1. If you put +1 on each Lys and Arg Cβ and -1 on each Asp and Glu Cβ, how big is the dipole of the stretch 1-129 around its Cα centre, in Debye rounded to 20?
2. Based on other C-beta atoms within 10 Å, arrange Thr267, Thr223 from fewest to most.
3. Wrap a convex hull around the Cα atoms of the stretch 77-196, take a quarter of its surface area, and give that in square nanometres.
4. Sequence gap at least 6, Cα distance under 8 Å: using those rules, report the relative contact order of the stretch 332-415 to the nearest whole percent.
5. For the stretch 133-224, what is the relative contact order in percent, using Cα pairs closer than 8 Å and at least 6 residues apart in sequence?
6. Amide H neighbours of Tyr29 under 5 Å, counting only residues 5+ apart in sequence or on other chains, H built in-plane at 1.01 Å?
7. What percent antiparallel are the DSSP beta bridges of the stretch 269-381, to the nearest 5?
8. I'd like to compare 410-416, 487-493: which one has the highest average count of other Cβ atoms within 10 Å, and what's the full order after that?
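What follows draws every value from the coordinates through simple rules; no lab data is involved. This structure is a prediction, so every number in the text was calculated from the model and none was measured. Glycine also receives a Cβ, built like all others from the backbone with ideal geometry; neighbour counts cover every protein chain displayed.
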Amino acid sequence: MQRRFSYRNERALYRRTCDQTGNPLISFYRSDAPFKVYEKDAWWSDAWDALSYGREVNLSQSFFDQIANLRTVVPRLGMLLSPDEGSAYSPYCMYTKRCYMCVSCVVNEDSLYCYQANDAKDCADCNSVTRCERCYECVYCFGLQTSAFCKDCENGSGLFFCQDCKGCTDCIGCKNLVNKKLHVFNKPVSAETFAALRAQLSSQSTLADIAEKCRALSLTLPTRSTHIVGCENCTGDHLRNCKNVSACFDAMHLEDCSFVCPCPQPTKDTHDAHYSPQSELIYDCMSAVRSSRMRFSLHSWDCDDLSYCDECYNCKHLFGCIGLRHKEYCILNKQYTKEEYEHLVPLIIAHMREAQEWGEYFPIANSPFAYNETIAQDEFPLAKEEVLARGWQWQEKTDDMPKVTKIIPAMQLPDSIDAIPDDVCNWAIECAVTKRPFKIIKQELDFYRSMRLPVARLHPDERHHRRMTLRNPRNLWRRPCATCGKEMQTTYAPERPEIVCCEECYLKEVY
Ligand SMILES: [Zn+2]
């Protein structure tokens, strides 16, 4: 997973120009990248031919080195963008409309700063939510409406700071409630009391107080060991409608899979894969979309029978190719006949076996990205010294100072949403924690106003980072159920302070 993740940069974006058109471009790649970088239309045009970079395979040299050499010359897509209109700055999104700074989302509309959101509408700053509408700062929620700061809630509305609530309406700071209405900190309240507290959520200082109280309450109540819904014979966490699945996370409709995450759409017979929806027979791949029979490849869509390929689309029978479209029977971007290809591939595999390369993913050292630009750093964080000692790349973060009329430290923003002027969209706000500048766009200000919530005081990356820490590691530990003592598998490490219960005891507790 660490190797695969080291090839996916989701959030380190750079200004540069397209090497074909000269147009300005926002890209995953720095301007000093060794290869050419093209904007979307230029990359997809017929003005260049990826086969012109083809080379003979050398059976006395490391195959990984030969792919690494090819990777330094083939032009790359500046950013993997949704083909849909109006979702600029939303890398790795599919079927999205009018989204801004969303990453790795599927079927989203009018959303901002969401991550791995699936079928979300009018949401902002949500991670791993499904079928949610008008939600803010929610994580792992399903079917939620007009809610904020919730985790693991399902089919509810008007929920704030709730955890593991199901079918609830108008609750604040509650945990483990089912089909309840008008509750605050797990106790029933009048509609007036609820409305008064809800109104206070429009100020930043109240939010901090309630968040703190919720954390304390949560530790005194049982915590569900895993969230596995409508599944048969499955282990992992946050799974829905899966069958025969082992150690998978954040997925729906998987069948006969292991070590797959995240995957919001049906996939089967797939092992060790990430972001590979609507696929089958995928092994050790990153982003093999609508594909089959793929091994050790990345960012390749609508393909069949690929090995060690990168950024190929609508292709079949490729080995060690980069940037090809509508091609078949190619090795290192060189065209072969079917017979030549079928003769050569077993020879390459035998050569790779000898060099102990066959069956391994691309080495982290050969990634086009610095380790800390990629999602590997999110999941397996390392210090700069450790990264450099392993021979991997490291890139310091720098921000261009925006050309704005005013720069304001976040703590000087008015406390309540009512006091925020329209002009805030013309300012740069200095993050209260990281000091990095960020801006608020009109769509975002309108969202905060309609939700009656204060504007964010943290840089979008810091907000994302904090939501990621709310997520348990993608790891399963054995620990005894706090109620019955039976051993169970959970994403809560044994030393964690939560009162973690097995599914049976948890259900007895809440129903
Ligand atoms: Zn139990």
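1. Roughly 460 debye, rounded to the nearest 20.
2. Thr223, Thr267
3. 6.5 nm²
4. It rounds to 22 percent for the stretch 332-415.
5. Worked out over the stretch 133-224, it gives 15 percent.
6. Long-range HN contacts for Tyr29: Tyr14.
7. 10 percent
8. Most protected by this proxy first, the peptides run 487-493, 410-416.
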